[in-house]
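Heads up, the thing below is written out as structure tokens.
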Amino acid sequence: MSAGQSGRSTRLPDLEAILRGNPWIAAVLDRFAAIGLPDAWLVAGGVVQTVWNHRFGLPATTGIADLDLVYFDPDLSAATETTHATRLRAVFADLPVWLDVKNQARVHLWYPAKFGVPLAPYASTAQAIATYPTTATATGVRVRAGRFEVCAPFGLTDLFEGIVRPNQVLVTEAAYRAKVARWRSLWPGLHVLPWVHGASETACEHTFTVGKTTT
């Protein structure tokens, strides 16, 4: 069953309010202009797990090991990526959480060696987000020109409903099972869907959901 594209615009105010309830994410959103990187988004774990914490009545930062900040820059130098990461960790040095900064334009250079899965170069951050391991974690947010924006190639329904659905574009079954095991230990109320060989979801790449920020 496809996750579909439902629940995009109608849940934007709720999503922003929930994320701003996490002081770490609120700080990043409030200072997003300071990031200064092309096509930058706050994505995946920290975003999704904040929503899960809200859903299950847990403190907003429960289980969040880091915040993933991604961007898309034709400069494929590892040194440049490291320089950006060092600068941004200084910008957000007041936050008690690791900031993981990755250039999505260069993921194909290291991903096969690390995970044993071939990967063609991405054309944008949105395309990268559409390959993240579950439909819920394939979510990015940012503030641009005073507006809260969301990139959700599979929609927001699975995210809000606590549904863990594999996105088999890139993740392996073993990696999916490992993630599920950790998540279930922290958020036992999640509805985890099994890995079905050959199943696939339909993403709407490069589709952005935009709403006016509440602050």
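Read-outs throughout are calculated quantities, based only on the coordinates presented, and are distinct from any laboratory measurement. These numbers come from a predicted model, not from an experiment. Here the Cβ is made from the backbone with ideal geometry for all residues, glycine too, and neighbour counts use every protein chain on show.
One table, with the values for the structure above:
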item: For the chain: Kirkwood Rh in Å [reciprocal of mean 1/r, alpha carbons]; result: 17.5 Å
item: Share of pairwise Cα separations in region 66-136, more than 16 Å, in percent; result: 53 percent
item: Per DSSP, loop trypsin sites (Lys or Arg not before Pro) in region 20-129 with at most 15 further Cβ within 10 Å; result: 31
item: Residues in region 160-184 that a label on residue 117 would reach, taking backbone N under 12 Å of a point 7 Å out along Cα→Cβ; result: 166-179
item: Spacing of the two label points (7 Å from each Cα toward its C-beta) at residue 30 and residue 66, in nm; result: 2.5 nm
item: Extension gain, residue 145 back to residue 17 (0.36 nm per residue minus Cα-Cα distance, nm); result: 44.3 nm
item: Estimated vicinal HN-Hα couplings, Hz - region 166-172 in sequence order (Karplus 6.51, -1.76, 1.60; Gly, Pro = x); result: x, 10, 7, 4, 9, 5, 8
item: Relative exposure of 51, 196, judged by other C-beta atoms within 10 Å (fewest first); result: 196, 51
item: Sorted by Cβ neighbour density within 10 Å, fewest at the top, the residues 52, 41, 183; result: 183, 52, 41
